[in-house]
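J.: Have a look at the structure that comes next, please.
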Amino acid sequence: MSWLYPSVENRCCTSALGDANPPAAPLSRLEEASAGLAVVNLLGLDRDGLTRFFADLGEKPFRASQALKWIHQQGAVDFDDMSNLSKTLRRRLSECAEITGPKIVLTQRSVDGTHKWLLQLACGNRVETVFIPEEGRGTLCVSSQVGCALNCSFCSTARQGFNRNLSVAEIIGQLWMAKRALGEKTPITNVVLMGMGEPLLNFDNVVAAMKLMMDDFAYGLSKRRVTLSTAGMVPAIDRLARIADVSLAVSLHATDDAVRNELVPINRKYPIDELLQACKRYVADARRKVTFEYVMLDGINDSPAQAKALARLLSGVPSKVNLIPFNPFPGAPYRCSSTTAIDRFQEILQRAGLVATRRKTRGDDIDAACGQLVGRVQTRTRRPNTTDVHA
Ligand code: SAH
């Protein structure tokens, strides 16, 4: 993550520095803060970022661990509560830093216990975060972008177009917010980057946020419990393999390039064969499996022949398959496969020796199911025929 040069997309509102007149020499965030130009949101700094921030203040690296605990474990928003920091340091922090999470504008709870929060971000953008409680675990589904640029034809987020990447604070802020909202009795045991957006197109911010999810002084989740789902950005999968060892889920959805080109247009750039090679490389040294997501679309990708083709395709990849019943949305050009077709598809995969599970649709009464997250996008690339759920 760039420390000295905050990325443009993180400064969606015209920055205090003014994009038209960049300063002669770049300022560190602390220098910006000291000059009254910006206040650093500590929520968005991972351990490395906080260590550098405190070094700039002349403080020792252990301050980063202390701050992580206060911010992410204790939920402190006021520096005065940070009792193991000196009074002078607390005063300094209150001048140059803040801890600001996303603002909740709407909370909905499904009859099945699923929670959905609509969050207000800077610049009028909104994203959604979903919590899915299950026996013995609680999964938070986190968004990585405002809208999505990939235009998958079966996904309602795609209809919203793309606006911008979420900042680290906005990504980790979803977990920070949900932990506070749910309270200690409802722990978040897993995080999936399966909300709005393509996480690998917001690589640096997503990686920094995932580091915080796994940092023992922040949320302490094991790498098995943090899953990144991608539509198949091949070079970024390889890059991810080199620096983070989180669980990988891939939205496959088809067994041949002609169908996948229609469903997941990024397939034209990274076709199935290249994608599967990247998946093999990702798990090569790790003794783990890639989860392949497969949305069940009536008459499109759900035939017995396609099930057999999928089994053949995945025979050399350590994997499991998660069949997702299609969640409809207004104007969607598809129907969900029948229960019989899904049963048959799953059985063929299992008979071929694959682990094939079926995702239970959760929270559909509050539009919280896969592909139903829309938030509200102040879009630059809005697509026609859009239906805003939260107008
Ligand atoms: N961009 C990432 C993550 C976001 S979508 C990706 O493509 O993986 C999370 C999952 O929900 C993906 O597998 C996606 O294909 C699936 N999905 C999207 N729309 C859906 C819908 N209407 N019904 C069921 N699943 C859907």
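The values are calculated or read from the model by the stated rules, or taken from the named source; none is laboratory data. On a predicted model such as this, the values are computed, not experimentally measured, just so you know. No Cβ is skipped: glycine too gets one built from the backbone with ideal geometry, and neighbour counts run over all protein chains shown.
J.: Condition check: within 15 Å of the ligand (Cβ to nearest atom), touching a residue at least 12 places away in the same chain (Cβ under 8 Å), under 28 Å from R159 (Cα atoms) and in the same structural domain as D238 (by TED's automatic domain parsing). Does Y334 satisfy that?
T.: Judged against the criteria, Y334 is a match.
J.: So, one more: If A231 satisfies every condition in (1) within 16 Å of the ligand (Cβ to nearest atom); (2) more than 22 Å from S315 (Cα to Cα) but one, which is the exception?
T.: Status for A231: all satisfied but (2).
J.: Now a separate question. Check A76 against each of (1) in contact with a Lys or Arg (Cβ under 7 Å, 6 or more places away or on another chain); (2) outside any helix (DSSP H, G or I); (3) over 23 Å from S144 (Cα atoms); (4) not charged (D, E, K, R) and name the one condition it does not meet.
T.: (1)
J.: Ok, one more. Is it the case that N205 is outside any helix (DSSP H, G or I), more than 28 Å from A309 (Cα to Cα) and within 16 Å of the ligand (Cβ to nearest atom)?
T.: In short, no.
J.: Looking only at residues that are surrounded by 21 or more Cβ atoms within 10 Å (Cβ to Cβ) and β-branched (V, I, T) in segment 235-278, which one is farthest from T291 (Cα to Cα)?
T.: Top of the filtered list is I266.
J.: Further, regarding this structure: How about segment 300-309: which of its residues are in contact with a Ser or Thr (Cβ under 8 Å, 6 or more places away or on another chain) and away from the ligand (no atom under 15 Å from the Cβ)?
T.: If the condition is that a residue be in contact with a Ser or Thr (Cβ under 8 Å, 6 or more places away or on another chain) and away from the ligand (no atom under 15 Å from the Cβ), then Q306, A309 are the ones that fit.
J.: With touching a Pro at 6+ places or on another chain (Cβ under 7 Å) and under 24 Å from A231 (Cβ atoms) as the only criterion, which of L200, L121 stands out?
T.: Step by step, each of L200, L121 is checked, and only L121 is touching a Pro at 6+ places or on another chain (Cβ under 7 Å) and under 24 Å from A231 (Cβ atoms).
J.: Right, another one. Select from segment 169-198 the residues that are part of a loop (DSSP other than H, G, I, E, B), of a type outside the set (V, I, T) and more than 14 Å from the ligand (Cβ to nearest atom) and list them in ascending order.
T.: G183, E184, K185, P187
J.: Among the residues of segment 148-165, is there at least one that is buried (at least 23 other Cβ atoms within 10 Å of the Cβ), free of Cβ contacts under 8 Å to residues at least 60 places away in the same chain and not hydroxyl-bearing (S, T, Y)?
T.: Yes, segment 148-165 contains at least one residue that is buried (at least 23 other Cβ atoms within 10 Å of the Cβ), free of Cβ contacts under 8 Å to residues at least 60 places away in the same chain and not hydroxyl-bearing (S, T, Y).
J.: Tell me which of these W117 doesn't satisfy, since it passes every other one: (1) at pLDDT 95 or above; (2) in contact with a strand residue (DSSP E or B) (Cβ under 9 Å, 6 or more places away or on another chain); (3) within 21 Å of L45 (Cα to Cα).
T.: (3)
J.: For segment 166-183, which residues satisfy the criterion of being in contact (Cβ under 8 Å) with a residue 40 or more places away in the chain, out of contact with any Leu (no Cβ under 9 Å at 6 or more places or on another chain) and among the small types (G, A, S)?
T.: Residue satisfying the conditions is A181 alone.
J.: Next up: Could you look through segment 125-142, keep only residues that are charged (D, E, K, R) and surrounded by fewer than 18 Cβ atoms within 10 Å (Cβ to Cβ), and pick out the one that is farthest from K360 (Cα to Cα)?
T.: R137
J.: Next question, about the same structure. For the list (1) at pLDDT 55 or above; (2) of a type in the set (A, V, I, L, M, F, W, C); (3) in a loop (DSSP other than H, G, I, E, B), I need the number of the one condition that L30 fails.
T.: With respect to (1) at pLDDT 55 or above; (2) of a type in the set (A, V, I, L, M, F, W, C); (3) in a loop (DSSP other than H, G, I, E, B), L30 is out only on (3).
J.: Please go through segment 314-331 and give me each residue that is surrounded by fewer than 21 Cβ atoms within 10 Å (Cβ to Cβ), over 22 Å from the mean Cα position of the chain (by Cα) and away from the ligand (no atom under 12 Å from the Cβ), ordered by number.
T.: S315, G316, V317, P318
J.: If we scan segment 274-283, do we find a residue that is assigned to a loop (DSSP other than H, G, I, E, B) and either of a type in the set (S, T, N, Q) or assigned by TED's automatic domain parsing to the domain that holds G113 (or both)?
T.: Within segment 274-283, none of the residues are assigned to a loop (DSSP other than H, G, I, E, B) and either of a type in the set (S, T, N, Q) or assigned by TED's automatic domain parsing to the domain that holds G113 (or both).
J.: Residues in segment 282-296: is at least one under 19 Å from P333 (Cβ atoms) and over 22 Å from the mean Cα position of the chain (by Cα)?
T.: Yes.
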